[in-house]
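The values are calculated or read from the model by the stated rules, or taken from the named source; none is laboratory data. Predicted model, so just to flag it, every value in this text is computed and none were measured. Neighbour counts are summed over all protein chains in view; Cβ atoms, including those assigned to glycine, are modelled from backbone coordinates with ideal geometry. For accessibility, only protein heavy atoms count, side chains too; no ligands or nucleic acids. Shrake-Rupley method; radii C 1.70, N 1.55, O 1.52, S 1.80 Å.
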Amino acid sequence: MEKTVLIVTAMEGAENLARALSREADAIVEIARSRRAALARLRRGPVTALLLDSALSDAEMTTSDIVWQNANGAVPLEIPLSSLGALGVVRLLQSVLEGRRQAETVGRKQAAAAVAEELQSTLTSLLLESDLLSRDKALSPDLAEKARIVKGLADTLRVRLRSECRDSPPGLAPVILQRAG
């Protein structure tokens, strides 16, 4: 995924910082010279990170809160850009973006595991109920056949889930296999 960083600053030399960030963070870097300009840019599309210079004048009508409200999931950082220097900003941004990437990876794995667990629980219930139903002697032959069909479909689904789990992240595979077995 291509990263876009929006720097909101009026400081001299912002272009140098933008070039350093672009090179070191492998990102497209844009500069907005005011909060109002940042707000206009954010309305055009999302950015990965938003670096707001804490040295910006508070006299501006557009507040930082309005900018944050329109950041749409961007990593928000309000920092003193000039005192950190280019290297400090690069390190901070890389650290924050890596932390976000790791958090998103963990979140995706947890969501996948929760979905897999729910599917396996439902699948186990379906297999058990269809097996019990197909063994019922009082069941008409037509209903017994339908119960066997449902069990066959559930078995097929279990096999498909097992084959899918081979392509899953390592943490997810044991959850799927344990529940489906």
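General observations
- Taking 7 Å steps out from each Cα toward its Cβ at R160 and D26 produces label points 3.6 nm apart.
- Ordering of 103-111, 26-34 by packing is 26-34, 103-111, highest average first (other Cβ atoms within 10 Å, averaged per residue).
- Between 0 and 90°, nearest 10: helix 35-44 axis offset from the chain longest Cα axis: 40
- Projected label points at A40 and R135, each 7 Å from Cα along the beta carbon direction, are separated by 7.4 nanometres.
- Per residue, the accessible area of the chain comes to 62 Å² when a 1.4 Å probe rolls over the protein heavy atoms.
- Cα gyration tensor category, rounded, prolate or oblate, for the range 32-118 with a/c compared to 1.5: oblate
- The share of Cα pairs per 10 Å bin across the range 67-131, counted from zero up to the longest distance, runs 17, 26, 21, 14, 12, 7, 2, 0 percent.
- Taking a ≥ b ≥ c as the square roots of the eigenvalues of the alpha carbon gyration tensor, the range 1-75 is oblate, as a/c is not under 1.5 and a/b does not beat b/c.
- Computed over protein heavy atoms with a 1.4 Å probe, the carbon and sulfur contribution to the accessible area of the chain reaches 55%.
- Within-10-Å neighbourhood charge of L52 [Cβ basis; K, R +1; D, E -1]: -1
- Residue-averaged 222 nm ellipticity for the chain, from DSSP H runs of 4+ at -39500 (n - 2.57), nearest 500: -22000 deg cm²/dmol
- Sorted peptide list for 131-138, 5-12, 148-155, criterion being average Cβ within 10 angstrom, highest first: 5-12, 148-155, 131-138
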